[in-house]
1. Suppose we keep only residues that are among the polar types (S, T, N, Q) and modelled with pLDDT of 95 or more within the stretch 143-198. Which one would you say is surrounded by the fewest Cβ atoms within 10 Å (Cβ to Cβ)?
2. Right, residue 4: loosely packed, with under 15 Cβ neighbours inside 10 Å, on the phi < 0 side of the Ramachandran plot, modelled with pLDDT of 95 or more and not small (Gly, Ala, Ser) or not?
3. Can you tell which of 119, 62, 69, 95 is among the β-branched types (Val, Ile, Thr), touching a Phe, Trp or Tyr at 6+ places or on another chain (Cβ under 9 Å) and closer than 19 Å to residue 37 by Cα?
4. Just name the residue that is surrounded by the fewest Cβ atoms within 10 Å (Cβ to Cβ) out of those in the stretch 115-133 that are over 27 Å from residue 5 (Cα atoms) and either in contact (Cβ under 8 Å) with a residue 60 or more places away in the chain or under 14 Å from the mean Cα position of the chain (by Cα) (or both).
5. Anything in the stretch 154-190 that is within 27 Å of residue 25 (Cα to Cα) and among the charged types (D, E, K, R)? List them, or say none.
6. Being at pLDDT below 95 and either over 24 Å from residue 197 (Cα atoms) or crowded, with 16+ Cβ neighbours inside 10 Å (or both): is that true of residue 136 here?
7. Cβ contacts < 6 Å: first residue under 13 Å from residue 127 (Cβ atoms), restricted to the stretch 42-61; second residue among the small types (Gly, Ala, Ser) and modelled with pLDDT of 95 or more, any location; separation 6+ or different chain. Result?
8. Tell me, yes or no, whether the stretch 16-28 has at least one residue that is at pLDDT 95 or above, surrounded by 14 or more Cβ atoms within 10 Å (Cβ to Cβ), closer than 20 Å to residue 129 by Cβ and not aliphatic (A, V, I, L, M).
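The values are calculated or read from the model by the stated rules, or taken from the named source; none is laboratory data. On a predicted model such as this, the values are computed, not experimentally measured, just so you know. Cβ placement follows ideal geometry from the backbone for every residue including glycine, while neighbour counts extend to all protein chains displayed.
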Amino acid sequence: MKMRFEKDSDFTEFKEELRRRLASRPNRDLEESGLKHSAVMMLIMNKDNAPHVLLTRRTDTVSTHKGQVAFPGGGMDDHDDDYRAVAYRETWEEVGIGRDRIEYIGRFDDYISISGFHVTCFVGAIEYPYEYRLNNSETESIINAPLAMFVEQKFDRYEIYNYKGSDYRVFFYYHEGYEIWGLTARILTDFGEKICRD
């Protein structure tokens with residue numbers, strides 16, 4: 001897929017192609033008992049004529065993943081209708097982007113995190129620039145990372161982690177002083193490889 005845009009319509013076409021590719025493939029649905037269900041929202045924007053992904057750096061006071069770079073997202077509450085509702089709610093609570101400002105693109109895969117979460121990933125688009133409203137108890141700062149970095153797998157290093165008897169590569173990307181690793185890096189790397197590559 002094109003990672004540079006020459007005109008506004010290129011981003012529109014990019015979003016439509018993402019929508020088509022996500023809709024045309026089966027999602028990886030995972031079921032494992034005893035896990036906390038959660039959902040994240042991968043938000044894509046047209047910044048500097050290229051697709052960028054909105055990420056957050058979590059504060060050092062949150063209960064899990066302190067100080068890590070992550071997608072907006074979190075655990076499912078009793079009043080949430082479904083996983084997508086979780087992703088929308090958490091995006092609003094963490095960075096102040098309402099559901100009505102997100103152009104829904106589609107659903108990506110499910111993941112199991114080594115910290116005990118069952119994570120469902122959704123993809124949307126927002127306008128750039130956007131006036132964020134950070135929840136300072138959860139979100140320290142916003143990062144706009146170029147999607148091409150993950151499509152081209154320009155990671156700085158990787159480590160092998162063993163989870164339940166299987167080895168997995170854990171990627172580490174660095175962008176503007178931020179370290180992007182763990183499940184966030186895994187999802188973005190997979191998305192780049194499975195969805196964005198021609």
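1. For the stretch 143-198, the residue satisfying everything is 153.
2. On the way: loosely packed, with under 15 Cβ neighbours inside 10 Å: yes; on the phi < 0 side of the Ramachandran plot: yes; modelled with pLDDT of 95 or more: yes; not small (Gly, Ala, Ser): yes.
So residue 4 passes the test.
3. The conditions single out 119.
4. In the first step, residues of the stretch 115-133 are kept if they are over 27 Å from residue 5 (Cα atoms); the result is 115-120, 133.
Next, only the ones that are either in contact (Cβ under 8 Å) with a residue 60 or more places away in the chain or under 14 Å from the mean Cα position of the chain (by Cα) (or both) stay: 116-120.
Values: 116: 11, 117: 20, 118: 21, 119: 25, 120: 23.
The residue in question is 116.
5. 154, 167, 169, 186, 190
6. Criteria met by residue 136.
7. The qualifying pairs are 43/124; 44/125.
8. Looking for residues that are at pLDDT 95 or above, surrounded by 14 or more Cβ atoms within 10 Å (Cβ to Cβ), closer than 20 Å to residue 129 by Cβ and not aliphatic (A, V, I, L, M), one finds none in the stretch 16-28, hence no.
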